[in-house]
1. Across the range 93-111, what is the total count of residues that are within 14 Å of the chain's Cα centre (by Cα) and in contact (Cβ under 8 Å) with a residue 40 or more places away in the chain?
2. Going through the range 73-92 one residue at a time, which ones are surrounded by 13 or more Cβ atoms within 10 Å (Cβ to Cβ) and without any contact (Cβ under 8 Å) to a residue 60 or more places away in the chain?
3. Residue under question is residue 127, and the condition is that it be modelled with pLDDT under 90, assigned to a helix (DSSP H, G or I), surrounded by 11 or more Cβ atoms within 10 Å (Cβ to Cβ) and touching a helix residue (DSSP H, G or I) at 6+ places or on another chain (Cβ under 8 Å); does it hold?
């Protein structure tokens with residue numbers, strides 16, 4: 001979870017920076033000075049090819065900021081999972097559930113709106129992120145939770161390994 005969260009951080013920051021660069025490009029003094037039809041037409045073709053209308057850029061920035069905030073929770077949950085405590089297990093499970101929901105909403109939004117090339121690349125990341133998060137959630141839910149004290153009643157036998165890797169009751 002820590003590694004995936006670190007990789008996702010770069011992606012979320014990219015979703016914030018790229019549309020901001022496009023907005024800054026249109027408001028730059030050089031673009032304002034050269035306000036002829038050829039420059040406007042070239043920019044409109046660029047925006048159309050990448051599918052970056054104003055609503056798409058705002059949506060991408062919103063998802064980037066929200067994703068960055070959620071990634072902080074995701075990375076902390078992955079780090080806390082390294083220590084044995086039932087609260088840490090539940091925090092990691094909840095972080096994965098939130099990111100499955102976040103990536104599913106991203107996939108649904110980008111499937112339902114007409115997008116260009118650039119936003120389709122973002123859609124591919126949302127699909128890959130959804131698959132990885134579902135896989136991690138399945139691994140977490142199917143793992144042995146006895147070390148975290150979950151699902152074990154007091155007085156029940158539990159198995160451990162001794163120094164020679166043999167099961168001991």
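1. Result for the range 93-111: 4.
2. 73, 76, 80, 90, 91
3. Numbers: modelled with pLDDT under 90: yes; assigned to a helix (DSSP H, G or I): yes; surrounded by 11 or more Cβ atoms within 10 Å (Cβ to Cβ): yes; touching a helix residue (DSSP H, G or I) at 6+ places or on another chain (Cβ under 8 Å): yes.
Yes.
The values are calculated or read from the model by the stated rules, or taken from the named source; none is laboratory data. Keep in mind that what you see is a predicted model, and the values were worked out from it rather than measured. Note that each Cβ is placed from the backbone with ideal geometry, even for glycine, and that neighbours are counted across all protein chains shown.
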